[in-house]
Structure formats: structure tokens, C-alpha cells
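So the structure is just underneath, and the comments pick up after that.
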Amino acid sequence: MAGAEEGLGSVGADRTHISVPVTDPTAWATAVNLGIVPMGLTGQQLVSDSICIPRFDHGLGIMTGITPINPMMAGISLVPPPPVPTELSASKEIIHCNSCTLFPQNPNLPPPSTRERPPGCKTVFVGGLPENATEEIIREVFNQCGEITAIRKSKKNFCHIRFTEEFMVDKAIYLSGYRMRIGSSTDKKDSGRLHVDFAQARDDFYEWECKQRLLAREERHRRKIEEERLRPPSPPPIMHFSDHEAGLLAEKLKDDSKFTEAVGVLLTWIDRGEVNRRSANHFYSMVQLANSHVRRLMNEKAAHEEEMELAKEKFKNALSGILTQFEQIVAVFNAATRQKAWDHFSKAQRKNIDIWRKQCEELRNAHSEELMGIRREEEMEMSDDDSEESPSKKIRTEDSALAVQAYALKEENDSLRWQLDAYRNEVELLKQEQGKMFRTEEDQAKDQQLHFLQQTVQSMQQQLLDLQEDLKRKELEMKKTKEEKCCIEMQLRAVKEKVLSNGDTMEKNTHEVLSEGINGCTVPVYHQDKQVNSERHFQGPLKSEKEALLLGIISTFLHVHPFGANIEYLWSYIQRLDTKISAGEIERLMVRLPRMFKQEFTGVGATLEKRWKFCGFEGINTI
């Protein structure tokens, strides 16, 4: 492997048939094109040896069950292949070998195409070989690219060449497009155009898979080591309770530096249930030692609060000085923008001065707001602490019980202040939600209206079916009445004939015929007008004066609406005159008067609507 990684220069230098002197210009160009280092000189190789580092394929985990690994992670030296230099394709030269010569293709032609490179490719396909090319000639040409493992030559003009390393395949691809001539012969069988391309071989893929598995194992091992290194150390085991250990722990509780560790051990012992009647005194003394640190902690807090107050005061003073300087700078800009100075500046200078003045005013305002916020906070704190002394002085003058009580009162004050802030935030949220509630109520009203309209449509459809059935029934009744009318007309004609023939007895005969002919009913003709008027008075459709007034209002309203109106629209109009009237009462009155009002349905489907129309004048026109 180490020998293969040395590149094309080391391989070419060991070959006696391609080691050329520096003075030969043709050999110099050939050596430069193939990356061969001439004798006595050191040069850069044609293709970088970094290509020999295999790349890890993410899709391998699907075939072999290995967890996919990111090649760019730390710890894996996976370098992508460098881009093929474009300058080399334009500087190809003639390559001379012992038994053949390779001529480059026309640089104006497009470069030869290649297929997608298979993973772990070490085998190339070589097509376009001369018919007289032997395995020795092929080995001589492609040995310059690297060590060859095997050559499988076909009877036709192509072969497969397998190298020991992957980077050698890139050097062989470089020879694609060259025209190969054996010796100095011009025969067609001794020449051919080479086409070198990647080939897919099982051996290459198997070796590549093995390397990938090795890389995956190394990566898993590296991750495991890294996880173990980063894993936090386990806590030391807690010793069991004994009188000796209790004495040592009491000494640790007195030491400020070891207090945290000692409190953890004490808490573990209490949780384990080590407290009993015999050890209760030990534990009481240790709890008392833990309580003695309360005063120390409160003193430390007071000292830190004093430092914080000093720092705040220092920051406020510095901010005041900065704000004063900002005010002075703004005053300078204001003076510069006055008329007697402003006229002497150029247009560009005025623009810059105006921009600087705006920026300075914005910064001044921001610092002023910050300073005012600090002062408001101080005023709030002063209003809270006007009637109280500083906590540090009280703690120093009072005993531990009073110190704890004062600390509890201060915490309670802080909690009340936080609750007040929380209530303010809740009020703002309620205001925002109240605006949303109006929207939700509107949506609910729309949904209710939609539901009501759907129910109305369904009821109207049901009414339409009922009306269709009533219409059929009335048509049958109309046929029967027509037949009866015809019979009555025939009887009337017979009566008239008898009246003409017997003029003296007209009233008597007419009375007898009518009493015998009409439905078998004996109705006297005497005082007929009075009976009709009485029937209209007692058996008519109107039952009260209110209905007559309502009938006039409905007739007038529908007369000015020639296309009709629905019952809701009519009821809303009449309700302004009489609030006690209902839509059902209006509809019942209109149903009782079919010669004055009629129903019509307009629209289709969901837009179907029942409307009432005034038809009283239609009967007059037809008479």
C-alpha cells in the first residue's frame, strides 16, 4: 500500500523504458503529461495521491446493516477527490512507448464521456484497441498508470484492466481519446482510438464493502471511547452511619468549604432512615450545625447586594456622563443647522450633517430612556423600603430568629410584587382576548343563522310536498265541481224553458225545480238576498274588526310589492304597528283567503324561498 501511494512519479522512475533524459524535449512533454518525474529532477505528479483514500458511502448501511456515518466527522480522514484540472486536457502531447505511440485527440473536440464511477472502482474498460494489440502491448501502455493486477482481453477490440489502487484508475482515464499506433505501421489493424471508462467489478465492490465495514467499526469504537470520556463521573459512594462518621461529618458541617458535601451526606442518611432513638441526638446536633450557616448565608447575600448597588450607582453615573456628552453633541448639530452657518455648507456636507444629527438624537433618546428606567426602578424600591432599614444592618443587630423573620417578610414582599406584575399581565391578556371574543361571538351568530336557514329550507321543502299533495286533491275536487256545475246549468236551462212556457207560474215552478234539483236539498227561494247577506255576516272569513284591519294592511303592503314578500319580512313590518301580532297569526289569515293571497316558491335548492303575493284584482279582471 505504501508503495502504491507514492504515485505515478515513483512508478515511472523505476521503469527503464520510460526513464528519459532531461535534454529530450519530446520526452520532457511526455513525462509532464503523464506525471512522470524526469531523471535527476523532482516534479509534481499528474494526479494527487489523495484519491487513493476511499470515500465512505452512506448507502452502505442499507446493504450491510452498518449505521450510516458522516464522512466529514472528526476522526475519519475521508478526503473527496480533487477536481480534474482543465489545463491538462488542453496540453496533451504525444506519448512514445517501446512498441507503440499514443497520439492525443484534437483539443477542439469535446472530452470523451465517462459513466458514473462505481464505489471502490479499480477496474477500467478499454475499448477501441487495434486488432493486432497484444496483452504485452496493453500492459506496456497502462503500466505507466500503476501496478496492474489482471488484464482480461476479449477477442474483440476491448479489454478490462484491474489495478491495485483506486487512484490508478484516474490516471488510466486520462488516456481516453488517444489514438494508438503499433510501431510505425499505417495499417488499419495496427491503429485504433482508445476509450477508457470505469468498469463495475464484483471484486472491487467486495473490497470496498470490506473497507467500509472496517471504517464503520473504527468509527463505532471511536464514538464509544468519546462517550466514555465525556460521561460524567459517578458520585462517590456515601458511607454508612456510625458514631465515628457522625463526628467527622459534624466537623465538615462547621467548615464553609465542605458544607455542601456534608449536607448531601446528612440528607442521604436521613432518607435512608438512620434516625432512631439512639442516634437522634447526633442528628439533632448536625441539623443545628446546618442551621447555624443561615446567618453566614444572609451576610454573604447582603454583601453581594451592596456590591450590586455600588455597581448600579457607578453604571448610572457613567450613563449620566454619556448622556451629557450626547446632549452637547446634539447642541453642536443644532447650532450647525441654523441659517447663518447652514448656508455656507455644500449640499453633500448638509446631507452628512443631517444624517449624523438624526443618528445622534436616536442614540441620545435611547440612553435617556434607559436612564429614566433605572430611576423609576430606584423610586419603586425606595417607596417599598422607606419605612424599613437595610437588611444587612438588621441582621447584624438582631438575633438569628429575627433575621429569618425579616428575610421571610422580604420574600413575601417580593412575591406580592411579582403577583402584582402577573395580575397586570393577565389584565392585558384579558383585554386582548376580549377583542377575540367579539370575533368568536360573531362566528357563533353566523353559525346559528346558517343552521336556522338550513332548518327553514328543510321545512319549506316539506311544505312544498304538502302543497303538491293539496294541489292534486283540489284538482280532483275542481273536476267534481265542474261536473256539478254542468248539471246545474242543464237544470237551469230546463227551468227557463218552463218559465217561458208557463209565465204565470214562474216563481212557483222555479222554486219547485230548485228545491228538487240542487243536491237534493230543499232551500226556499223567498227572501234569498237576506239569507245570503246573513250568511256572509256570520259565516264569512273575517271574524273580528282586528282581522279586517290586518287584512287591509297586508293587502296594501303586498300590493306595493308585486314580486311578493316572505312571511318574516311582512311580520317585521306589521310588528311595528302591533307588537303583539305573531307571524303564525298572519299566515293563518292569509291561508283562509286564497282568492286574495297566494303562495309562490322562488329559487333552487338552498336558495328556495316561499313568498306571498296579492291576487285580489286577478279575480276581478277575469270576470
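Of note:
- Counting heavy atoms of the protein chains alone, LEU476 has an accessible area of about 100 Å² for a 1.4 Å probe.
- Computed from the C-beta positions of CYS360 and ASP443, the FRET efficiency with R₀ = 41 Å rounds to 0.20.
- Solvent exposure ordering (accessible area, 1.4 Å, most first) of VAL457, VAL332: VAL332, VAL457
- Using θ = phi - 60° and Karplus 6.51 cos²θ - 1.76 cosθ + 1.60, couplings along segment 558-563 (whole Hz; Gly, Pro as x): 6, 5, 7, 10, x, 8
- Ordered from largest to smallest accessible area (heavy atoms of protein chains, 1.4 Å probe), the residues TRP342, TRP208, TRP418 come out as TRP418, TRP342, TRP208.
- Cα centroid of segment 162-230 to Cα centroid of segment 552-575, whole Å: 96 Å
- PHE345 contributes an accessible area of around 70 Å² to the protein surface, as traced by a 1.4 Å probe with all chains present.
- For the residues GLU545, GLU218, a 1.4 Å probe over the protein chains yields an accessible-area ranking, largest first, of GLU545, GLU218.
- Selection of trypsin sites (Lys or Arg not before Pro), segment 294-346, meeting DSSP coil and at most 12 other Cβ within 10 Å: ARG338
- Loop-located trypsin sites (Lys or Arg not before Pro) in segment 100-157 (DSSP state not H, G, I, E or B) with no more than 16 neighbouring Cβ atoms inside 10 Å: ARG115, LYS155, LYS156.
- For MET490, solvent-accessible area (1.4 Å; no DNA, RNA or ligand), Å²: 130 Å²
- Counting Lys and Arg as +1 and Asp and Glu as -1 over every other residue whose Cβ lies under 14 Å from the Cβ of VAL427, the net charge comes to -2.
- Taking every protein chain into account, the accessible area of segment 160-276 amounts to 61 square angstrom per residue (probe 1.4 Å).
- 28 Å Cα-Cα threshold exceeded, pairs from LYS224/LYS252; LYS122/LYS188; LYS171/LYS211; LYS543/LYS613; LYS254/LYS312: LYS224/LYS252; LYS122/LYS188; LYS254/LYS312
The values are calculated or read from the model by the stated rules, or taken from the named source; none is laboratory data. Predicted model, so just to flag it, every value in this text is computed and none were measured. We place every Cβ from the backbone using ideal geometry, glycine too, and count neighbours over all the protein chains shown. Keep in mind that these areas ignore ligands, DNA and RNA; they rest on the heavy atoms of the full protein, side chains included. Shrake-Rupley method; radii C 1.70, N 1.55, O 1.52, S 1.80 Å.
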